[in-house]
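The values are calculated or read from the model by the stated rules, or taken from the named source; none is laboratory data. Keep in mind that what you see is a predicted model, and the values were worked out from it rather than measured. Note that we place each Cβ from the backbone using ideal geometry, even for glycine, and neighbour counts take in every protein chain shown. All accessible areas refer to the heavy atoms of the entire protein, side chains included, with ligands and DNA or RNA removed. Shrake-Rupley method; radii C 1.70, N 1.55, O 1.52, S 1.80 Å.
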Amino acid sequence: MTERRMVVAQADCPARRVPDGTPLTIPKDTFVTITQSLGGNYTLTYHGQMVRVDGTDAGALGLEEQVLDFAAPADGRIREDQVWEALRTVYDPEIPVDLVNLGLIYRLQIDQPRQRVDVEMTLTAPGCGMGPVLVGDVERRVAKVPNVEAVAVNLVFDPPWQREMMSEEAQLETGMFF
């Protein structure tokens with residue numbers, strides 16, 4: 001959700017500058033403004049820059065850390081619905097919509113014998129500096145699904161992403177429905 005709230009870093013907090021993904025550290029006792037909290041991640045204003053803090057580091061900001069918790073299937077298999085649920089927790093740091101509803105996930109393949117999930121995805125723009133951060137988010141979140149031992153993300157740009165790939169709900173939410 002979009003918000004504007006000031007907080008003080010309780011500890012040094014890792015972050016990534018938007019849109020290029022450059023890592024930085026927000027020092028303890030620094031005031032920052034939260035502008036968006038989605039998918040367990042936070043977009044902040046820090047010294048006039050937009051930065052993203054992963055939900056697993058939210059404790060450094062005095063916020064509740066995000067934990068993905070899935071029921072483990074008794075049959076030892078990877079459940080596709082849980083993988084999609086994990087993917088829906090990854091949000092674009094500049095657009096308040098998750099990657100699934102943005103239409104950025106092109107393909108999902110589960111190899112049960114190898115306990116591996118392959119994800120084919122794209123970005124809204126080929127030059128997006130946050131691409132490696134989003135790929136890392138996908139890998140980390142999908143790896144939390146029970147019985148997943150390996151995650152591989154293939155970043156592709158063909159076909160190029162277009163707004164028509166967004167769900168209708170996402171188009172309405174962003175004002176891109178016309």
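Answer yes if at least one residue in region 53-75 is under 27 Å from residue 158 (Cα atoms) and open to solvent by less than 30 Å² (accessible area, probe 1.4 Å), and no otherwise. Quick ask: steps written out before the conclusion?
We begin by selecting, within region 53-75, every residue under 27 Å from residue 158 (Cα atoms); these are none.
Checking region 53-75: not a single residue is under 27 Å from residue 158 (Cα atoms) and open to solvent by less than 30 Å² (accessible area, probe 1.4 Å).
In summary, strands (runs of 3 or more DSSP E) completely within region 18-110 and bearing 3 or more residues that are over 30 Å from residue 162 (Cβ atoms) occur at 23-26, 31-38. Among the residues of region 119-178, the one identified as at pLDDT 90 or above, open to solvent by 70 Å² or more (accessible area, probe 1.4 Å) and of a type in the set (S, T, N, Q) is 154. For beta carbons closer than 7 Å, sequence separation of 6+ or different chains, a first residue in region 111-129 that is under 27 Å from residue 23 (Cβ atoms) and a second that is hydroxyl-bearing (Ser, Thr, Tyr), the qualifying pairs are 120/106; 121/106; 122/106.
None of 105, 78 is buried (at least 19 other Cβ atoms within 10 Å of the Cβ), closer than 13 Å to residue 138 by Cβ, modelled with pLDDT of 95 or more and not hydroxyl-bearing (Ser, Thr, Tyr) except 105.
Among the residues of region 127-142, which ones are among the small types (Gly, Ala, Ser) and either assigned to a helix (DSSP H, G or I) or within 18 Å of residue 53 (Cβ to Cβ) (or both)? Please lay out each step first, then the result.
Of region 127-142, the ones among the small types (Gly, Ala, Ser) are 127, 129, 131, 136.
Scanning region 127-142 gives 129, 131, 136.
Contact annotation: residue pairs with Cβ atoms under 6 Å, 6 or more positions apart or on different chains, pairing a residue in region 143-160 that is of a type in the set (Asp, Glu) with a partner that is surrounded by 14 or more Cβ atoms within 10 Å (Cβ to Cβ) and not in a strand (DSSP E or B), are 149/115. The residue pairs whose first member lies in region 1-27 and is under 21 Å from residue 39 (Cβ atoms), whose second member is polar (S, T, N, Q) and outside any strand (DSSP E or B), and whose beta carbons are closer than 7 Å, counting only pairs six or more residues apart or on different chains, are 9/30; 16/22.
Quick one: how many residues across region 5-43 are surrounded by fewer than 20 Cβ atoms within 10 Å (Cβ to Cβ), in contact with a Ser or Thr (Cβ under 6 Å, 6 or more places away or on another chain) and over 27 Å from residue 86 (Cβ atoms)? Final tally of qualifying residues: 3. Against the definition (open to solvent by less than 60 Å² (accessible area, probe 1.4 Å) and within 15 Å of residue 140 (Cα to Cα)), how does residue 100 come out, yes or no? Against the criterion (open to solvent by less than 60 Å² (accessible area, probe 1.4 Å) and within 15 Å of residue 140 (Cα to Cα)), residue 100 does not qualify.
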